[in-house]
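Below: the structure, in structure tokens.
The values are calculated or read from the model by the stated rules, or taken from the named source; none is laboratory data. This one's a predicted model, so the numbers in the text were calculated from it and none came from an experiment. Glycine gets a Cβ as well: all are built from the backbone with ideal geometry, and neighbour counts include every protein chain shown. Note: areas computed on protein heavy atoms with side chains; ligands, DNA, RNA excluded. Shrake-Rupley method; radii C 1.70, N 1.55, O 1.52, S 1.80 Å.
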Amino acid sequence: MSVCPGWEVQEGGGATSWFHVRLAFVDGAHVELLAVVSEGRVSIEDIRARPALSLVDLTVLADWIEGPLFESCGGGGFEAAGAYGTEGAGNAGGTGDTGDAAYSDETPAPRRARPAWPRGAEGRWLVAQEYREAQEEGVDPVLAVMCATGHSRRRSLRLIAQARDAGYLTPRHARR
């Protein structure tokens, strides 16, 4: 994780500071955000994440950034604004440039964005379980596998095909 000061505006007796924050996870996921510190409060102005953050991830985002942001502010106390540590996740998933060059030599944080999906036979069996449950509930089984694994549609279709080849799912077409 890295915190880089963006800019600061002095107004009256106080100051408003902006910080570029980047979290990199072991699995390749990353979150970039623009945090604003004003009058002892922190709010999030912009968030970009790959893959997208779930609502649960948004609730713990304040915990992820609190310590390093506190240190960057010179140890001055502050409190998180809003219900989930953010005053407004305005433009979540926005396209603003946060200056990736400033973060090139950072080491990834040890925390993962989502739990790792098991590989091998166990992973194929779990894919088959998700697929069958979705079929029984009448929802799109490919979308269910995508949500469960966090993979793209193409990768999820490949996992489903591997589950079929392993015999965990029925064949797509009758063999002639």
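SER152 falls short on exactly one of the conditions (1) over 27 Å from the mean Cα position of the chain (by Cα); (2) under 20 Å from PRO51 (Cβ atoms), and that condition is (1). The single condition among (1) at pLDDT below 50; (2) hydroxyl-bearing (Ser, Thr, Tyr); (3) open to solvent by 30 Å² or more (accessible area, probe 1.4 Å) that SER38 does not satisfy is (1).
Matching residues to (1) open to solvent by 80 Å² or more (accessible area, probe 1.4 Å); (2) at pLDDT below 80:
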residue: ALA24; (1), (2): no, no
residue: LEU34; (1), (2): no, no
residue: ILE44; (1), (2): no, no
residue: GLU71; (1), (2): yes, yes
residue: GLY82; (1), (2): no, yes
residue: GLY99; (1), (2): no, yes
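Could you go through segment 102-123 and let me know if any residue there is within 24 Å of the chain's Cα centre (by Cα) and at pLDDT 85 or above. For segment 102-123, residues within 24 Å of the chain's Cα centre (by Cα) and at pLDDT 85 or above: present.
Listed conditions (1) exposed (fewer than 15 other Cβ atoms within 10 Å of the Cβ); (2) of a type in the set (A, V, I, L, M); (3) in contact (Cβ under 8 Å) with a residue 40 or more places away in the chain are all met by VAL9, apart from (3). Picking from residues in segment 155-167 that are farther than 27 Å from ARG50 by Cα and outside any loop (DSSP other than H, G, I, E, B), the one that is most open to solvent (accessible area, probe 1.4 Å) is ASP165.
No other residue among GLY67, GLY75, GLY28, GLY94 is touching a strand residue (DSSP E or B) at 6+ places or on another chain (Cβ under 9 Å) and either modelled with pLDDT of 65 or more or exposed (fewer than 13 other Cβ atoms within 10 Å of the Cβ) (or both) apart from GLY28. For THR170, the conditions (1) part of a loop (DSSP other than H, G, I, E, B); (2) closer than 18 Å to PRO118 by Cα; (3) open to solvent by 70 Å² or more (accessible area, probe 1.4 Å) are fulfilled apart from (2).
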